[in-house]
Amino acid sequence: MSANEPEPDSRAQSLEMVHVALGARSYDIIVGSGVLAEAGDHIAPLLGQRHTILVSDHNMAPLYQDRVVESLGRHGVACDSITLPAGEGSKSFSQLEELLERLLAGRAERGTVILALGGGVIGDLAGFAASVLLRGVAVIQLPTSLLAQIDSSVGGKTGINSRHGKNLIGSFHQPRLVLVDTAALDSLAPRQLAAGYAEMVKYGLIDDEDFFAWLEANGADMLAGDAAARRYAIAHCCRAKARIVAEDERENGRRALLNLGHTFAHALEAECGYGAALLHGEAVSIGMVLAFRLSHRLGLCAEADGERVSSHLAALGLPTGAAQLPPAARRTEALLRHMSHDKKMQDGRLRMILARGIGAAFIAEDVGEADIGAVLDAFMAS
Ligand code: GLY
């Protein structure tokens, strides 16, 4: 061992382990700086067949693929690779077909493990492909965006988009392992990092006011690159998600809390075309502000709670006001139409996540459209 290499014990101490307890589908999440370069140490012990196929995109493959393949090679594990176009457009039937055919051409067998290296798009697409390939093969998630590291890579939701909406075609397919390399966040554009941060704030708002206060004090340093703060915050979010998923894997109840701000966000995204005009996390930021305003209008929480949420999100560079939305996304009628589409999907009842305060979110049934409309009108006029 060279003088610069950490002792095995000290390396273990610089990793955070989170367990997702789902019986036979249980798995670990390993969080630490540099874990992609030691992927083989963590992956090889889980393999039956020593053949893996790494699925990535044209942005992430050049940055991280070699270190994963080399690390697996040191353990005698073969790793082929498939690289797809980056961006939400890859969550499509055509890219799913392309990926499945390439996996089969690459001699995938039931024992082959798929490695999903990238952000939420690659995780969702490769996870879904793994769930249907040969009636299901294992997937290991190697998330590189903040959003994927704290949310989409954990919990087994996989899927693609339909022309009827996002994520409408998919499956629950839990990964065998999630390796979260916090150093991968250094390659993200600040706007992407901030967008992922909205989902981090969400965990504080759902049921953890102390974590929200921690983010108020430390969130900026964490985003700026403080490695210990990143590891702590990401593992904290993964632990929160692991708890919720262990309780309600298939979203029959409590897991819906993870959709705080998302009913508004999905409507805003639909109006903006799911692209660079408004990133998902940016829509979630505004969605959470609106959820608190609606909660206040319904007499559930103090106005000051919403103001505290809004000022923290704004301080960390996230949009919180109508002026930051493209004009197309400021029309209450159109937004309500998208939201009532959600309503149909919930047996005719509009179910939303509201809050009795910071850290006190709950699932509200039968939220009135008139109240939502009034909140949207006031927000768009402000
Ligand atoms: N991203 C929400 C969930 O996994 O349930």
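Observations
- Residue in region 292-304 that is without any contact (Cβ under 8 Å) to a residue 40 or more places away in the chain, in contact with a Lys or Arg (Cβ under 8 Å, 6 or more places away or on another chain) and away from the ligand (no atom under 15 Å from the Cβ) present: no
- Only one entry of 162, 94 meets the criterion of being of a type in the set (S, T, N, Q), over 25 Å from residue 28 (Cβ atoms), out of contact with any helix residue (DSSP H, G or I) (no Cβ under 9 Å at 6 or more places or on another chain) and surrounded by fewer than 17 Cβ atoms within 10 Å (Cβ to Cβ), and that entry is 94.
- Any hit, region 232-248, residues being of a type in the set (D, E, K, R), within 19 Å of residue 143 (Cβ to Cβ) and touching a residue at least 12 places away in the same chain (Cβ under 8 Å): yes
- If the condition is being modelled with pLDDT of 95 or more and either among the hydroxyl-bearing types (Ser, Thr, Tyr) or touching a Gly at 6+ places or on another chain (Cβ under 6 Å) (or both), then region 264-280 contributes 264, 265.
- Some residue of region 164-173 being under 16 Å from the mean Cα position of the chain (by Cα) and away from the ligand (no atom under 16 Å from the Cβ): no
- Counted residues, region 237-262 - those being surrounded by fewer than 22 Cβ atoms within 10 Å (Cβ to Cβ), in contact with a helix residue (DSSP H, G or I) (Cβ under 6 Å, 6 or more places away or on another chain) and not hydrophobic (A, V, I, L, M, F, W, C): 4
- Any hit, region 97-117, residues being charged (D, E, K, R), buried (at least 22 other Cβ atoms within 10 Å of the Cβ) and under 20 Å from residue 168 (Cα atoms): no
- Test: residue 265 is of a type in the set (A, V, I, L, M), buried (at least 23 other Cβ atoms within 10 Å of the Cβ), without any contact (Cβ under 8 Å) to a residue 24 or more places away in the chain and within 12 Å of the ligand (Cβ to nearest atom): yes
- Within region 20-42, tally of residues that are within 20 Å of the chain's Cα centre (by Cα), surrounded by fewer than 19 Cβ atoms within 10 Å (Cβ to Cβ) and aliphatic (A, V, I, L, M): 2
- Test: residue in region 55-62 that is small (Gly, Ala, Ser), over 24 Å from residue 132 (Cβ atoms) and surrounded by 15 or more Cβ atoms within 10 Å (Cβ to Cβ): no
- Subset tally (residues that are in a helix (DSSP H, G or I) and either of a type in the set (D, E, K, R) or surrounded by fewer than 17 Cβ atoms within 10 Å (Cβ to Cβ) (or both)) for region 73-91: 4
- Selection of strands (runs of 3 or more DSSP E) fully inside region 113-191 by the criterion of at least 1 residues being of a type in the set (Asp, Glu) returns 177-181.
- Every condition in (1) of a type in the set (Val, Ile, Thr); (2) closer than 30 Å to residue 229 by Cβ; (3) touching a Ser or Thr at 6+ places or on another chain (Cβ under 8 Å) is met by residue 150 except one, and the failing one is (3).
- Qualifying positions in region 197-252 - among the β-branched types (Val, Ile, Thr) and either more than 18 Å from the chain's Cα centre (by Cα) or away from the ligand (no atom under 12 Å from the Cβ) (or both): 201, 234
- Within region 29-38, being touching a strand residue (DSSP E or B) at 6+ places or on another chain (Cβ under 6 Å) and either of a type in the set (Gly, Ala, Ser) or more than 17 Å from residue 173 (Cβ to Cβ) (or both) holds for 30, 31, 35, 36.
- Which listed residue, of 67, 110, is farther than 20 Å from residue 185 by Cβ and at pLDDT 95 or above: 110
- Matching residues in region 121-145 - criterion: being crowded, with 24+ Cβ neighbours inside 10 Å and either β-branched (Val, Ile, Thr) or touching a His at 6+ places or on another chain (Cβ under 8 Å) (or both): 121, 122, 127, 128, 130, 139, 140, 144
The values are calculated or read from the model by the stated rules, or taken from the named source; none is laboratory data. Quick caveat: nothing in here was measured; it's all calculated off a predicted structure. We place every Cβ from the backbone using ideal geometry, glycine too, and count neighbours over all the protein chains shown.
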